[in-house]
1. Modelled label-to-label distance, E206 and Y75, 7 Å Cα→beta-carbon offset: nm?
2. Tell me, what is the FRET efficiency for K44 and A159 to the nearest 0.05, using R0 = 41 angstrom and their Cβ-Cβ distance as r?
3. Determine the relative contact order of the chain: mean sequence separation of Cα pairs under 8 Å and six or more apart, normalised by residue count, in whole percent.
4. Gap in Å between the Cα centre of the range 27-69 and the Cα centre of the range 141-186?
5. Helix-only mean residue ellipticity at 222 nm, the chain, DSSP H runs n ≥ 4 weighted -39,500 (n - 2.57), per residue, nearest 500. What is it?
6. Would you calculate the separation in nanometres between label points at D23 and E198, each defined as 7 Å from the Cα along the Cα-to-beta-carbon direction?
7. Using the charge dipole of the chain (Lys, Arg: +1 at Cβ; Asp, Glu: -1 at Cβ; taken about the Cα centre), state which of G168, N143, L239 has its Cα farthest towards the positive end.
8. Would you indicate which of [x] 1.16; [y] 0.98; [z] 1.31 is the value of Cα Rg over 2.2 N^0.38 Å derived from the coordinates of this structure?
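Throughout, read-outs are computed from the coordinates displayed, never taken from laboratory work. All values reported here derive from a predicted model rather than from experimental measurement. Backbone-built Cβ (ideal geometry, glycine too); neighbour counts: all protein chains shown.
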Amino acid sequence: MLISSSVYNLFSYGFGGMGLYFDQTMILVLIGLGLSLLASAKVKSTFRKYSRVRSMSGLTGAQAAVKVLNNAGIYDVRIEHIQGDLNDHYDPRTRVLRLSDSTYGSSSVAAVGVAAHECGHAIQHQNHYAPLGLRSTLVPAANIGSSLSWPVFIIGLVASVPALVTAGIVLFGLAVLFQLVTLPVEFNASSRAIKVLEDTGVLGSEELSGARKVLSAAALTYVAALASSILQLLRLIILSGGRRRD
């Protein structure tokens, strides 16, 4: 969500001596879009497959989350039900774990896996996991960078002010940095989730295999997001170079 406005701008603007148009660097945007769509389709299909497989423990996502958190010695994280699908998340500011419709009351292998993953973030927070702290610190800068990067960049190109062009690139780079830091945070949360599910016996060995597939598919969305952001950053750099040559 941090870079959604930049995705729109990438489709909206091209630059050249005659004005605005769709330039050849749009291929980078299309590649990034393709990667994101493939990753999204993969996670949805994998989640849908294992949402039909009921866990032998019979625990719902919410119940599994309580067990995982308690096993880690965490008793002060509140679990809330929110509307939507696959918009589960842990808020370290309020110590609230929010589980969506497809996770909270479902006893499927997919729901338990996703709930445990979000618990992984709570465990990271409890243990002062450095990359999680860094990501939280970067959120304001990434939000500012993603919202201001294109306007600053465009003004710099149109007004032929190299400093603004560079500033736009740097601002967008903050969003890319956020995506980069997000990767180890998400992978580590999934690793913690699988270990706790195995240690507590919430899922059996075959069920753990399904949960791994769900979380691995979800991880691909973060990899695709980073790749897309890097391609977008590359486009900015190419556009700035072409303008200088003009």
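1. 3.7 nm
2. Working: r = 43 Å, r/R0 = 1.06.
E between K44 and A159, to the nearest 0.05, is 0.40.
3. Working: 380 pairs, mean separation 66.4, N = 246.
Computed value for the chain: 27 percent relative contact order.
4. 30 Å
5. On the way: 8 runs with 176 residues, N = 246.
About -25000 deg cm²/dmol.
6. Here the answer is 5.0 nm between the modelled labels.
7. Going by the Cα projections, it comes out as L239.
8. It is the value labelled [x].
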